[in-house]
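The structure appears below as structure tokens.
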Amino acid sequence: GAGVSQSPSNKVTEKGKDVELRCDPISGHTALYWYRQSLGQGLEFLIYFQGNSAPDKSGLPSDRFSAERTGGSVSTLTIQRTQQEDSAVYLCASSLGDTSGNTIYFGEGSWLTVV
Amino acid sequence: AQSVTQLDSQVPVFEEAPVELRCNYSSSVSVYLFWYVQYPNQGLQLLLKYLSGSTLVESINGFEAEFNKSQTSFHLRKPSVHISDTAEYFCAVSEGSYQKVTFGTGTKLQVIP
């Protein structure tokens with residue numbers, strides 16, 4: 001499809017397990033973002049990739065969280081040793097990245113539940 | 001560092017009444033401002049944005065927002081709401097040449113028939 005694609009759409013995992021969430025941005029978009037949406041917390045910035053530049057990881061909540069972007073396209077967000085407070089919707093978004101003010105296009109999100 | 005404050009977490013309003021959703025930002029440089037909307041069981045999508053020029057920007061469904069630099073605000077308004085406007089609205093900001101976009105905590109607009 002033409003939009004941002006995320007998988008899985010839903011994931012239930014046991015506390016302490018590792019999870020990987022995948023994001024396929026819109027073709028040609030050089031900027032890619034990960035956000036976390038929790039009840040009452042709004043959209044929490046996690047990480048931002050722009051082209052070949054070093055990613056902005058300033059929003060990652062702990063060293064259990066990491067993300068990579070391969071070939072300037074697909075991105076994977078990894079959460080190690082999941083905790084119950086990690087339960088949230090993880091949103092990926094992309095934009096053209098050529099200028100500031102670009103519209104961000106969001107995926108449908110990956111709903112993570114840690115039990 | 002840029003930040004966004006949405007003062008109201010929930011706003012109930014009767015159908016056909018006017019509404020204002022408040023947004024204030026903090027930034028030391030020039031900014032770009034956005035409103036995104038999330039309808040029930042749908043993904044986030046852009047409603048409108050301010051980049052430069054006229055401080056009043058409009059959406060296709062009757063919403064408007066005004067950039068007020070002196071008050072560092074970008075409030076969203078609609079003169080007459082419809083049931084279909086029920087959604088969560090997020091204000092967002094990016095600074096200068098850096099494209100990282102920071103979002104507010106969102107305001108849930110509930111339109112009452």
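See the values below:
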| quantity | calculated |
| --- | --- |
| Spin-label pair B:Phe14/A:Ser27, simplified geometry with 7 Å Cα→Cβ offset, distance in nm | 5.2 nm |
| Sites matching chymotrypsin sites (Phe, Trp or Tyr not before Pro) across segment B:1-88 that sit in DSSP coil, with at most 10 neighbouring C-beta atoms within 10 Å | none |
| Given charges at beta-carbon only (K, R positive; D, E negative), |dipole| of segment A:45-103 in Debye | 100 debye |
| Loop-located trypsin sites (Lys or Arg not before Pro) in segment B:18-113 whose Cβ has at most 15 other Cβ within 10 Å (DSSP) | B:Lys69 |
| Environment charge of A:Arg36, counting only residues whose C-beta is closer than 12 Å and scoring Lys/Arg +1, Asp/Glu -1 | -3 |
| Neighbourhood net charge (13 Å Cβ-Cβ; Lys/Arg +1, Asp/Glu -1) for B:Ser94 | 0 |
| Relative contact order computed over chain A (Cα-Cα under 8 Å; 6+ residues apart), in percent | 38 percent |
| Debye, to nearest 20: dipole size of segment B:3-112, +1 on Lys, Arg Cβ, -1 on Asp, Glu Cβ | 320 debye |
| Under 27 Å from B:Lys100, Cα to Cα: lysines that are on another chain or at least 8 residues apart | A:Lys57, B:Lys49, B:Lys69, B:Lys108 |
| Inter-chain shielding of B:100-109 (mean C-beta neighbours from other protein chains, 10 Å cut-off) | 5 |
| Residue-span extension gain [A:Val74 to A:Thr99] - 0.36 nm each, minus C-alpha spacing | 6.9 nm |
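Just so you know, all these numbers are worked out from the coordinates, no wet-lab data involved. Not measured: the values here are computed from a predicted model. Counting neighbours? That spans all protein chains shown, and the Cβs are built from the backbone with ideal geometry, glycine included.
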